[in-house]
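Trainee: I'd like to ask you about the structure that follows.
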Amino acid sequence: MTRPSVSTDPVSCRICQANAPISLRYHLASFDVYECGRCGLRFRHPLPGEAELIEMYEDPRYHETPYFRNAVEGAGMRSPEVRIYERALGDLAELGKRGALLDVGCGTGFFLQLARKRGWEVAGVELSERHRAYARATFGLEVWGGDFLAAPAKARSFDVITMWDFLEHVLDPRLVVARARELLKRDGVLLVFTIDTTSLFNLAGDLAYRLSGRRARRILELLYDSHHNYYFTLNSLSRLLSSEGLTVERWRSDRAYLSRWVTQPAPWYLLAGGFLIDLLSLPLDRPYRRTAYCRPKGD
(Lines give C-alpha, C1' and ligand atoms only; values in the text may rest on other atoms or scores of the structure.)
Protein backbone atom coordinates (compact mmCIF):
# COMPACT_ATOMS: atom_id res chain seq x y z
CA MET A 1 0.00 0.00 0.00
CA THR A 2 1.32 3.44 -0.92
CA ARG A 3 1.42 5.99 1.87
CA PRO A 4 -0.92 8.85 0.93
CA SER A 5 0.23 12.45 1.10
CA VAL A 6 -1.24 14.08 4.20
CA SER A 7 -0.67 17.69 5.16
CA THR A 8 -2.84 17.95 8.27
CA ASP A 9 -3.05 16.07 11.54
CA PRO A 10 -6.37 14.86 12.97
CA VAL A 11 -7.93 17.38 15.33
CA SER A 12 -10.40 15.33 17.35
CA CYS A 13 -11.22 11.91 18.78
CA ARG A 14 -14.36 10.22 17.41
CA ILE A 15 -15.37 9.33 20.95
CA CYS A 16 -14.38 12.39 23.00
CA GLN A 17 -14.77 14.73 20.00
CA ALA A 18 -13.34 18.25 20.22
CA ASN A 19 -12.10 18.57 23.80
CA ALA A 20 -9.33 15.98 24.00
CA PRO A 21 -5.59 16.15 23.20
CA ILE A 22 -4.52 14.09 20.16
CA SER A 23 -0.93 12.91 19.69
CA LEU A 24 1.03 10.88 17.16
CA ARG A 25 1.75 7.42 18.58
CA TYR A 26 3.38 5.57 15.66
CA HIS A 27 4.64 6.52 12.21
CA LEU A 28 4.15 3.33 10.17
CA ALA A 29 4.88 2.55 6.54
CA SER A 30 1.36 3.07 5.19
CA PHE A 31 -0.27 5.38 7.73
CA ASP A 32 0.14 6.97 11.14
CA VAL A 33 -1.48 5.90 14.41
CA TYR A 34 -2.77 8.68 16.65
CA GLU A 35 -3.97 8.44 20.24
CA CYS A 36 -6.56 10.34 22.26
CA GLY A 37 -5.08 11.60 25.51
CA ARG A 38 -8.42 11.32 27.30
CA CYS A 39 -9.99 7.94 26.45
CA GLY A 40 -6.98 6.13 24.95
CA LEU A 41 -8.59 5.44 21.58
CA ARG A 42 -6.03 4.92 18.82
CA PHE A 43 -6.86 5.34 15.15
CA ARG A 44 -5.22 5.32 11.76
CA HIS A 45 -4.72 8.52 9.82
CA PRO A 46 -5.75 9.08 7.14
CA LEU A 47 -8.84 6.91 7.09
CA PRO A 48 -9.42 4.95 3.87
CA GLY A 49 -11.86 6.18 1.25
CA GLU A 50 -14.80 4.16 -0.07
CA ALA A 51 -12.86 2.84 -3.09
CA GLU A 52 -9.99 1.67 -0.86
CA LEU A 53 -12.43 -0.09 1.46
CA ILE A 54 -14.00 -2.03 -1.40
CA GLU A 55 -10.58 -2.92 -2.78
CA MET A 56 -9.40 -4.21 0.62
CA TYR A 57 -12.46 -6.36 1.30
CA GLU A 58 -12.64 -7.90 -2.16
CA ASP A 59 -8.93 -8.78 -2.23
CA PRO A 60 -8.69 -12.62 -2.62
CA ARG A 61 -5.73 -12.69 -0.23
CA TYR A 62 -7.98 -11.28 2.49
CA HIS A 63 -10.61 -13.97 1.95
CA GLU A 64 -8.06 -16.78 2.01
CA THR A 65 -6.62 -16.00 5.45
CA PRO A 66 -6.97 -18.62 8.25
CA TYR A 67 -9.52 -16.38 9.98
CA PHE A 68 -12.05 -16.99 7.21
CA ARG A 69 -11.00 -20.59 6.56
CA ASN A 70 -11.92 -21.30 10.19
CA ALA A 71 -15.44 -19.92 9.66
CA VAL A 72 -16.87 -22.04 6.85
CA GLU A 73 -19.24 -25.00 6.62
CA GLY A 74 -17.73 -28.02 8.36
CA ALA A 75 -15.54 -26.13 10.84
CA GLY A 76 -15.52 -28.03 14.12
CA MET A 77 -14.85 -27.24 17.76
CA ARG A 78 -11.09 -27.22 17.12
CA SER A 79 -11.63 -23.85 15.45
CA PRO A 80 -11.28 -21.02 18.02
CA GLU A 81 -14.02 -19.12 16.17
CA VAL A 82 -16.50 -21.94 16.74
CA ARG A 83 -15.66 -22.16 20.45
CA ILE A 84 -16.00 -18.40 20.90
CA TYR A 85 -19.26 -18.28 18.94
CA GLU A 86 -20.79 -21.19 20.84
CA ARG A 87 -19.80 -19.65 24.17
CA ALA A 88 -21.41 -16.37 23.14
CA LEU A 89 -24.64 -18.11 22.22
CA GLY A 90 -24.58 -19.71 25.66
CA ASP A 91 -24.00 -16.30 27.27
CA LEU A 92 -26.96 -14.84 25.37
CA ALA A 93 -29.15 -17.68 26.60
CA GLU A 94 -28.02 -16.95 30.18
CA LEU A 95 -28.99 -13.32 29.64
CA GLY A 96 -32.45 -14.52 28.69
CA LYS A 97 -32.25 -13.64 25.02
CA ARG A 98 -34.08 -15.37 22.17
CA GLY A 99 -35.70 -14.17 18.97
CA ALA A 100 -34.33 -11.98 16.16
CA LEU A 101 -30.55 -11.62 15.73
CA LEU A 102 -28.64 -9.37 13.33
CA ASP A 103 -24.94 -10.01 12.70
CA VAL A 104 -23.21 -6.89 11.37
CA GLY A 105 -20.22 -7.66 9.17
CA CYS A 106 -21.36 -11.27 9.05
CA GLY A 107 -18.65 -12.47 6.67
CA THR A 108 -19.32 -16.02 5.49
CA GLY A 109 -22.44 -16.24 7.66
CA PHE A 110 -21.02 -19.01 9.82
CA PHE A 111 -22.01 -17.45 13.15
CA LEU A 112 -25.53 -16.87 11.84
CA GLN A 113 -25.76 -20.52 10.87
CA LEU A 114 -24.76 -21.59 14.39
CA ALA A 115 -27.31 -19.18 15.87
CA ARG A 116 -30.06 -20.42 13.59
CA LYS A 117 -29.38 -24.00 14.72
CA ARG A 118 -30.12 -22.78 18.26
CA GLY A 119 -33.47 -21.37 17.21
CA TRP A 120 -32.64 -17.75 16.43
CA GLU A 121 -34.32 -15.87 13.58
CA VAL A 122 -31.25 -14.47 11.82
CA ALA A 123 -30.17 -11.85 9.30
CA GLY A 124 -26.84 -10.31 8.38
CA VAL A 125 -25.16 -7.28 6.84
CA GLU A 126 -21.94 -7.69 4.85
CA LEU A 127 -19.91 -5.35 2.63
CA SER A 128 -18.05 -8.07 0.70
CA GLU A 129 -19.93 -9.41 -2.32
CA ARG A 130 -17.95 -12.65 -2.20
CA HIS A 131 -18.88 -13.33 1.41
CA ARG A 132 -22.52 -12.44 0.82
CA ALA A 133 -22.66 -14.90 -2.05
CA TYR A 134 -21.14 -17.64 0.12
CA ALA A 135 -23.55 -17.00 3.01
CA ARG A 136 -26.55 -17.08 0.72
CA ALA A 137 -25.50 -20.09 -1.36
CA THR A 138 -24.11 -22.24 1.47
CA PHE A 139 -26.48 -21.43 4.32
CA GLY A 140 -29.47 -19.84 2.56
CA LEU A 141 -29.17 -16.75 4.76
CA GLU A 142 -30.75 -13.34 4.36
CA VAL A 143 -27.78 -10.97 4.05
CA TRP A 144 -28.06 -7.30 3.18
CA GLY A 145 -25.25 -5.79 1.13
CA GLY A 146 -23.37 -2.56 1.69
CA ASP A 147 -23.11 -0.15 4.59
CA PHE A 148 -24.76 -1.11 7.88
CA LEU A 149 -25.92 2.49 8.34
CA ALA A 150 -28.08 2.10 5.22
CA ALA A 151 -29.42 -1.39 6.01
CA PRO A 152 -33.21 -1.57 5.45
CA ALA A 153 -34.13 -2.54 9.03
CA LYS A 154 -36.83 -1.10 11.27
CA ALA A 155 -36.17 0.53 14.64
CA ARG A 156 -36.43 -1.74 17.69
CA SER A 157 -36.64 -4.87 15.55
CA PHE A 158 -33.81 -7.03 16.96
CA ASP A 159 -33.35 -8.81 20.26
CA VAL A 160 -29.60 -9.11 19.68
CA ILE A 161 -27.11 -7.39 17.38
CA THR A 162 -23.61 -8.87 17.11
CA MET A 163 -20.43 -7.25 15.82
CA TRP A 164 -17.63 -9.80 15.50
CA ASP A 165 -14.32 -8.12 14.58
CA PHE A 166 -16.34 -5.34 12.96
CA LEU A 167 -16.28 -2.08 14.93
CA GLU A 168 -12.56 -1.53 14.37
CA HIS A 169 -13.17 -1.52 10.58
CA VAL A 170 -15.78 1.25 10.33
CA LEU A 171 -15.28 4.91 9.44
CA ASP A 172 -17.35 6.34 12.31
CA PRO A 173 -17.88 4.05 15.33
CA ARG A 174 -20.25 6.49 17.05
CA LEU A 175 -22.68 6.42 14.14
CA VAL A 176 -22.48 2.63 13.98
CA VAL A 177 -23.17 2.14 17.69
CA ALA A 178 -25.96 4.72 17.59
CA ARG A 179 -27.59 2.88 14.69
CA ALA A 180 -27.29 -0.44 16.52
CA ARG A 181 -29.00 1.03 19.58
CA GLU A 182 -31.79 2.34 17.35
CA LEU A 183 -32.38 -1.14 15.92
CA LEU A 184 -32.31 -2.91 19.29
CA LYS A 185 -35.46 -3.65 21.23
CA ARG A 186 -35.68 -1.92 24.62
CA ASP A 187 -34.33 -4.99 26.42
CA GLY A 188 -32.02 -6.03 23.57
CA VAL A 189 -28.32 -6.91 23.74
CA LEU A 190 -25.46 -5.57 21.62
CA LEU A 191 -22.41 -7.84 21.49
CA VAL A 192 -19.12 -6.18 20.46
CA PHE A 193 -16.02 -8.35 19.94
CA THR A 194 -12.82 -6.44 19.20
CA ILE A 195 -9.09 -6.17 19.86
CA ASP A 196 -7.84 -4.60 23.10
CA THR A 197 -4.92 -2.31 22.29
CA THR A 198 -3.56 -2.65 25.84
CA SER A 199 -2.98 -6.38 25.25
CA LEU A 200 0.28 -8.09 26.16
CA PHE A 201 1.05 -8.32 22.43
CA ASN A 202 0.67 -4.58 22.03
CA LEU A 203 2.80 -3.87 25.08
CA ALA A 204 5.55 -6.16 23.72
CA GLY A 205 5.38 -4.53 20.28
CA ASP A 206 5.53 -1.06 21.79
CA LEU A 207 8.54 -2.01 23.92
CA ALA A 208 10.42 -3.44 20.92
CA TYR A 209 9.62 -0.32 18.91
CA ARG A 210 10.92 2.04 21.58
CA LEU A 211 14.03 0.02 22.51
CA SER A 212 15.00 -0.09 18.82
CA GLY A 213 14.85 3.69 18.52
CA ARG A 214 11.53 3.41 16.66
CA ARG A 215 13.04 1.26 13.91
CA ALA A 216 11.34 -2.08 14.76
CA ARG A 217 8.01 -1.35 13.12
CA ARG A 218 7.18 -4.77 11.68
CA ILE A 219 5.46 -6.09 14.83
CA LEU A 220 3.42 -2.90 15.13
CA GLU A 221 2.38 -3.12 11.49
CA LEU A 222 0.99 -6.59 12.19
CA LEU A 223 -0.83 -5.39 15.31
CA TYR A 224 -2.11 -2.19 13.69
CA ASP A 225 -3.61 -3.89 10.66
CA SER A 226 -4.32 -1.63 7.70
CA HIS A 227 -7.84 -3.12 7.53
CA HIS A 228 -8.54 -1.57 10.94
CA ASN A 229 -9.36 2.10 11.40
CA TYR A 230 -9.76 2.16 15.20
CA TYR A 231 -7.83 0.39 17.95
CA PHE A 232 -9.83 0.26 21.17
CA THR A 233 -8.91 0.02 24.82
CA LEU A 234 -11.26 -1.13 27.57
CA ASN A 235 -11.74 2.50 28.57
CA SER A 236 -12.33 3.88 25.08
CA LEU A 237 -14.79 1.13 24.15
CA SER A 238 -16.68 1.61 27.41
CA ARG A 239 -16.87 5.37 26.84
CA LEU A 240 -18.09 4.90 23.29
CA LEU A 241 -20.85 2.49 24.30
CA SER A 242 -21.93 4.67 27.23
CA SER A 243 -21.99 7.81 25.09
CA GLU A 244 -24.51 6.15 22.79
CA GLY A 245 -26.83 5.03 25.57
CA LEU A 246 -25.56 1.52 26.29
CA THR A 247 -24.47 -0.13 29.53
CA VAL A 248 -21.98 -3.02 29.55
CA GLU A 249 -23.38 -5.91 31.59
CA ARG A 250 -20.66 -8.49 30.98
CA TRP A 251 -17.11 -8.69 29.64
CA ARG A 252 -15.32 -11.71 28.19
CA SER A 253 -11.59 -12.01 27.45
CA ASP A 254 -9.90 -14.09 24.76
CA ARG A 255 -6.44 -14.92 23.52
CA ALA A 256 -5.31 -14.04 20.00
CA TYR A 257 -4.99 -17.68 18.88
CA LEU A 258 -2.07 -17.07 16.54
CA SER A 259 -3.13 -19.80 14.11
CA ARG A 260 -6.02 -17.50 13.14
CA TRP A 261 -3.77 -14.99 11.42
CA VAL A 262 -0.17 -16.26 11.01
CA THR A 263 -0.05 -16.63 7.22
CA GLN A 264 3.67 -16.28 6.46
CA PRO A 265 6.69 -18.31 7.58
CA ALA A 266 8.45 -16.91 10.63
CA PRO A 267 11.50 -17.94 12.69
CA TRP A 268 10.68 -20.55 15.33
CA TYR A 269 11.75 -18.25 18.18
CA LEU A 270 9.32 -15.52 17.09
CA LEU A 271 6.48 -18.03 16.87
CA ALA A 272 7.42 -19.55 20.23
CA GLY A 273 7.58 -16.10 21.82
CA GLY A 274 4.23 -15.20 20.33
CA PHE A 275 2.56 -18.34 21.63
CA LEU A 276 4.04 -17.74 25.09
CA ILE A 277 2.74 -14.15 25.14
CA ASP A 278 -0.65 -15.42 24.01
CA LEU A 279 -0.79 -17.98 26.83
CA LEU A 280 0.24 -15.40 29.44
CA SER A 281 -2.20 -12.75 28.23
CA LEU A 282 -5.25 -14.05 30.11
CA PRO A 283 -3.70 -14.73 33.55
CA LEU A 284 -2.03 -11.30 33.36
CA ASP A 285 -5.38 -9.70 32.38
CA ARG A 286 -3.91 -8.33 29.17
CA PRO A 287 -6.10 -10.21 26.66
CA TYR A 288 -5.82 -9.67 22.93
CA ARG A 289 -9.60 -9.57 22.42
CA ARG A 290 -12.58 -8.58 24.52
CA THR A 291 -16.31 -9.11 24.19
CA ALA A 292 -18.77 -6.58 25.60
CA TYR A 293 -22.42 -7.51 26.19
CA CYS A 294 -24.44 -4.28 26.39
CA ARG A 295 -28.04 -3.26 26.98
CA PRO A 296 -29.73 0.07 26.23
CA LYS A 297 -30.00 2.41 29.17
CA GLY A 298 -33.55 3.20 30.27
CA ASP A 299 -35.51 5.27 27.73
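The values are calculated or read from the model by the stated rules, or taken from the named source; none is laboratory data. Just so you know, these numbers come straight off a predicted model, no measurement behind them. Positions of Cβ are backbone-derived with ideal geometry, glycine not excepted, and every protein chain shown enters the neighbour counts. The accessibility values were calculated without ligands, DNA or RNA, using every heavy atom of the protein model including side chains. Shrake-Rupley method; radii C 1.70, N 1.55, O 1.52, S 1.80 Å.
Trainee: Residues R250, R295, R210: which one is at pLDDT 90 or above and in a helix (DSSP H, G or I)?
Mentor: The unique qualifying residue is R210.
Trainee: Restricting attention to region 101-136, which residues are among the aromatic types (F, W, Y) and out of contact with any Phe, Trp or Tyr (no Cβ under 7 Å at 6 or more places or on another chain)?
Mentor: Scanning region 101-136 gives F110, W120, Y134.
Trainee: Let me ask something else about it. Out of region 141-193, which residues are among the charged types (D, E, K, R), in a strand (DSSP E or B) and open to solvent by 30 Å² or more (accessible area, probe 1.4 Å)?
Mentor: Residues satisfying the conditions are K185, R186, D187.
Trainee: Which condition number in (1) modelled with pLDDT of 95 or more; (2) touching a helix residue (DSSP H, G or I) at 6+ places or on another chain (Cβ under 6 Å) is the one that E121 fails?
Mentor: All conditions are met except number (2).
Trainee: Are there any pairs with C-beta distances below 7 angstrom linking a residue in region 109-130 that is farther than 20 Å from I84 by Cβ to a residue that is open to solvent by 20 Å² or more (accessible area, probe 1.4 Å) and charged (D, E, K, R), with the two at least 6 apart or on different chains, and if so which?
Mentor: Close Cβ pairs (under 7 Å, with a partner that is open to solvent by 20 Å² or more (accessible area, probe 1.4 Å) and charged (D, E, K, R)) amount to A123/E142; S128/E58; E129/E58; R130/E58.
Trainee: Is there a residue in region 201-218 that is surrounded by 21 or more Cβ atoms within 10 Å (Cβ to Cβ) and under 17 Å from the mean Cα position of the chain (by Cα)?
Mentor: Yes, there is a match, as at least one residue in region 201-218 is surrounded by 21 or more Cβ atoms within 10 Å (Cβ to Cβ) and under 17 Å from the mean Cα position of the chain (by Cα).
Trainee: For region 93-117, enumerate the residues that are part of a loop (DSSP other than H, G, I, E, B) and either over 16 Å from F166 (Cβ atoms) or of a type in the set (V, I, T) (or both).
Mentor: Hits for region 93-117 are L95, G96, K97, R98, G99, T108.
Trainee: Take region 154-163 and flag every residue that is in contact with a helix residue (DSSP H, G or I) (Cβ under 7 Å, 6 or more places away or on another chain) and either under 11 Å from V176 (Cβ atoms) or at pLDDT below 95 (or both).
Mentor: If the condition is that a residue be in contact with a helix residue (DSSP H, G or I) (Cβ under 7 Å, 6 or more places away or on another chain) and either under 11 Å from V176 (Cβ atoms) or at pLDDT below 95 (or both), then I161 is the only one that fits.
Trainee: Continuing with this model, one more query. Answer yes if at least one residue in region 278-286 is within 18 Å of the chain's Cα centre (by Cα), surrounded by fewer than 15 Cβ atoms within 10 Å (Cβ to Cβ) and either at pLDDT below 90 or hydrophobic (A, V, I, L, M, F, W, C) (or both), and no otherwise.
Mentor: no
Trainee: Then there is this: Collect the residues in region 39-55 that are open to solvent by less than 20 Å² (accessible area, probe 1.4 Å) and either over 16 Å from the mean Cα position of the chain (by Cα) or of a type in the set (K, R) (or both), keeping them in residue-number order.
Mentor: Of everything in region 39-55, those that are open to solvent by less than 20 Å² (accessible area, probe 1.4 Å) and either over 16 Å from the mean Cα position of the chain (by Cα) or of a type in the set (K, R) (or both) turn out to be C39, G40, R44, P48.
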